[in-house]
Amino acid sequence: MSRLRAFGRFWWNFVIGDDWLAAAGIALAIAATAALAAAGVAAWWMLPLGTVLVLYLSVRRATTN
Amino acid sequence: MTAAFLVLSAFLASAVEMVEALTIVLAAGVSRGWRSSLIGVGAATLVLAVVVVALGPALTVIPIGALRLVVGALLLVFGLQWLRKAILRASGFKALHDEDAIFAAELAEAGSAERVERGGLDWYGFTLAFKGVLLEGLEVAFIVLTFGSTQGSIPLAAAGATAALVLVAGVGIAVRAPLARVPENTMKFTVGIMLTTFGIFWATEGAGAHWPGADTALLGVLAFVCATSALLVAHLRARKRRSLVAAPVQP
């Protein structure tokens, strides 16, 4: 069980890293892009803006903690 | 155009990871002996080859839309980690990556570890080299597989990674020292920007949106990520300067 947990922790750290909020923010931005695209609205701008916002909040958290 | 980006990204990301792996292998070889360390390198390379050979064909059967969504999202999250650390390093909020210091620390730790022989191998030296190459190599395998499968050309991405391997291993064998003069921090920044750019581009397409200008939009995304990263670095540097000026001087 502990090996399974260690395996899971390794992949979590590998992909998500130490800021899970950033990963959650990206997931939200992708979901919003998909929702806009499904509604027939031009959605290409959503993810670049969402990414920059997530990045800004992430570095702000890192520098204020 | 995307092919050139693909090879360049795979090359740079692989070169950065291989420089880090080389530092660990050098420390293991110098302090614990070369035989065990090189067998560790060989074993890790074999595991990585199995991962790429097993997962590569499996990824190519996934529908391209789903693949771009999943790979784009993973690359974006993964790339943001690189970019965030690079921005923090460039603005002075995080220590710069220093191969000489890392080599010295690894050397001291490996030199003081107890010698345990298993199967005629110095287990510490084997494990240190194996883990170093495997962990750094997994990032390379991840980038090669995701970039290659999404662009429909794993061999092209693998070519970029192989070129980096040949270059770093060749220079490493020639100088037999950590490659501290490689502009690693700049390369990491570049890789972070490229991973984030490709992640945004593919995840947007995978989510069902369409880029104005199709593939040429990649250049626009690249310019946007570069510009916002530079602005963030400038903003953080200014904040750092203000905090240093405002900090009371200790007697």
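Rank by packing, highest mean first: peptides B:70-77, B:191-198, B:209-216, B:96-103, with packing defined as the count of other Cβ atoms within 10 Å averaged across residues.
Those peptides, ordered most packed to least, come out B:191-198, B:70-77, B:96-103, B:209-216.
What spacing in nm lies between the two simple spin-label points modelled at B:His235 and B:Ser153, each 7 Å away from Cα in the Cβ direction?
Spacing of the two 7 Å Cα→Cβ label points: 3.6 nm.
Let me know the mean shielding of B:67-75 by other chains, meaning the per-residue number of their Cβ atoms within 10 Å of its Cβ.
Details: counts 0, 0, 3, 0, 0, 3, 7, 4, 1.
Average per residue, whole number: 2.
Mind checking the dipole of the protein assembly as shown: about its Cα centre, +1 per Lys or Arg Cβ, -1 per Asp or Glu Cβ, Debye to the nearest 20?
My answer is approximately 760 debye.
Can you tell me the FRET efficiency between B:Ala227 and B:Leu59 if r is taken as the Cβ-Cβ distance and R0 is 30 Å, rounded to the nearest 0.05?
Numbers: r = 32 Å, r/R0 = 1.07.
That pair, B:Ala227 with B:Leu59, gives E of 0.40.
If you count, for each residue, the other Cβ atoms within 10 Å and average over each peptide, how do B:125-131, B:237-243 line up from highest to lowest?
B:125-131, B:237-243
For the protein assembly as shown, what class follows from the C-alpha gyration tensor (a ≥ b ≥ c being the square roots of its eigenvalues): rounded when a/c is under 1.5, otherwise prolate if a/b is larger than b/c, else oblate?
Verdict is oblate for the protein assembly as shown.
Using R₀ = 41 Å, calculate the FRET efficiency as 1/(1 + (r/R₀)^6) where r is the Cβ-Cβ separation of A:Ala38 and B:Leu167; round to 0.05. Can you show the working numbers first?
Numbers: r = 45 Å, r/R0 = 1.11.
Efficiency, rounded to the nearest 0.05: 0.35.
Could I have the simple spin-label model distance between A:Trp12 and B:Ala174, label points 7 Å from Cα toward Cβ, reported in nm to one decimal?
Placing both labels 7 Å along Cα→Cβ, they lie 4.4 nm apart.
B:Glu114 versus A:Leu28, label points 7 Å from Cα toward the beta carbon: distance in nm?
According to this spin-label approximation, the distance is 5.1 nm.
Using 0.36 nm per residue, how much length does the chain from B:Ala43 to B:Leu219 gain when fully extended, once their Cα-Cα distance is taken away?
My answer for the length gained is 59.4 nm.
What 222 nm value per residue comes from the helices of chain B, counting each DSSP H run with n ≥ 4 as -39,500 (n - 2.57) and dividing by all residues, nearest 500 deg cm²/dmol?
Value at 222 nm, helices only: -28500 deg cm²/dmol.
Take peptide A:41-54, look around each residue's Cβ out to 10 angstrom, count Cβ atoms belonging to other protein chains, and average those counts.
6
Within 10 Å of each Cβ of A:20-31, how many other protein chain Cβ atoms are there on average?
So the per-residue partner count for this stretch is 4.
Run the helix sum for chain A: -39,500 (n - 2.57) per DSSP H stretch of 4+ residues, divided by residue count, reported at 222 nm to the nearest 500 deg cm²/dmol.
It lands at -27000 deg cm²/dmol.
No lab work stands behind these numbers, since they all come straight from the coordinates. None of the values given here were measured: they were computed from a predicted structure. So basically every Cβ, Gly included, is an ideal-geometry build from the backbone, and we count neighbours across all protein chains shown.
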